[in-house]
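Before any comments, here is the structure.
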Amino acid sequence: MSMTKSNTDNSRSKGALLNFTTTVNNSNLTLYTALTNKKKTNTAIFANSSMIDLDRNFFNTTTALESHKFNKVSLMGGANFTIGDLDGEMFTNLSAVGGGFYMFKVGKKVSANVLMLAVYSPFTKFYEGRWWSSGVLLVPFSSWDYSISKNFKFNVSFSGTYQYSDKFLNYQILTGGKIML
């Protein structure tokens, strides 16, 4: 579940995302904010995400991104810093993040967006508890909205994590409603 609040000219937004993953029994809380300049060409994005699995793991990731809009495409770059404990072993990680975002309309009632991020992190420890050189992780995301009324949209989104030149590490399909208050 998530909640986002924007001011009337969409120059500032803030929100929270809370989820629970049943297969690995962990929960995640993400708090985020975005600040856009008056020309609406640059946006600074900050997020803090905490994941907890009471049996084994806890980690916290802070992300800072700068996004610049070129016509209809927004390009972004920034960094993640993570600190935590996986299977009783403390770790820290600094990652470079880059990617792009594109919003478009499919028809009168359907709008969508596509986001692709690349994360470079020299070493990553995943759930199996082994270390490997991950190289580049690709994080694709696509969200599709169907307008049912002026204030309500049905949404389907797709996302995942792909280890470049290897395999998908995870993926998810989410559905829900968007209410404009």
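From the list Arg56, Arg12, the lone residue that is under 26 Å from Gly135 (Cβ atoms) and basic (Lys, Arg) is Arg56. Within the range 159-181, the set of residues being over 19 Å from Thr4 (Cα atoms) and of a type outside the set (Gly, Ala, Ser) comprises Thr161, Tyr162, Gln163, Tyr164, Asp166, Lys167, Phe168, Leu169, Asn170, Tyr171, Gln172, Ile173. Residues satisfying the criterion are present in the range 112-119 (criterion: within 30 Å of Arg56 (Cβ to Cβ), surrounded by 13 or more Cβ atoms within 10 Å (Cβ to Cβ), of a type in the set (Gly, Ala, Ser) and modelled with pLDDT of 90 or more).
The numbered conditions (1) more than 23 Å from Thr161 (Cα to Cα); (2) in a strand (DSSP E or B); (3) free of Cβ contacts under 8 Å to residues at least 24 places away in the same chain are all true for Ala79 except (1).
Restricting attention to the range 44-57 and to residues that are surrounded by fewer than 17 Cβ atoms within 10 Å (Cβ to Cβ) and of a type in the set (S, T, N, Q), the residue that is farthest from Phe101 (Cα to Cα) turns out to be Ser50.
Quick check on this structure: which one of Ser50, Ser13, Ser74 is part of a strand (DSSP E or B), among the polar types (S, T, N, Q) and over 22 Å from Leu137 (Cα atoms)?
Working: Ser50 fails: over 22 Å from Leu137 (Cα atoms); Ser74 fails: over 22 Å from Leu137 (Cα atoms).
The unique qualifying residue is Ser13.
When Ile83 is tested against (1) hydrophobic (A, V, I, L, M, F, W, C); (2) in contact with a Phe, Trp or Tyr (Cβ under 8 Å, 6 or more places away or on another chain); (3) surrounded by 15 or more Cβ atoms within 10 Å (Cβ to Cβ), just one condition goes unmet, and that condition is (3).
Residues in the range 100-121 that are in a loop (DSSP other than H, G, I, E, B) and not aliphatic (A, V, I, L, M): Gly107, Lys108, Lys109, Ser121. Residues in the range 23-43 that are polar (S, T, N, Q) and surrounded by fewer than 17 Cβ atoms within 10 Å (Cβ to Cβ): 8 in all.
The values are calculated or read from the model by the stated rules, or taken from the named source; none is laboratory data. As the structure is a prediction and not an experimental result, all values here were calculated from the model. Neighbour counts are summed over all protein chains in view; Cβ atoms, including those assigned to glycine, are modelled from backbone coordinates with ideal geometry.
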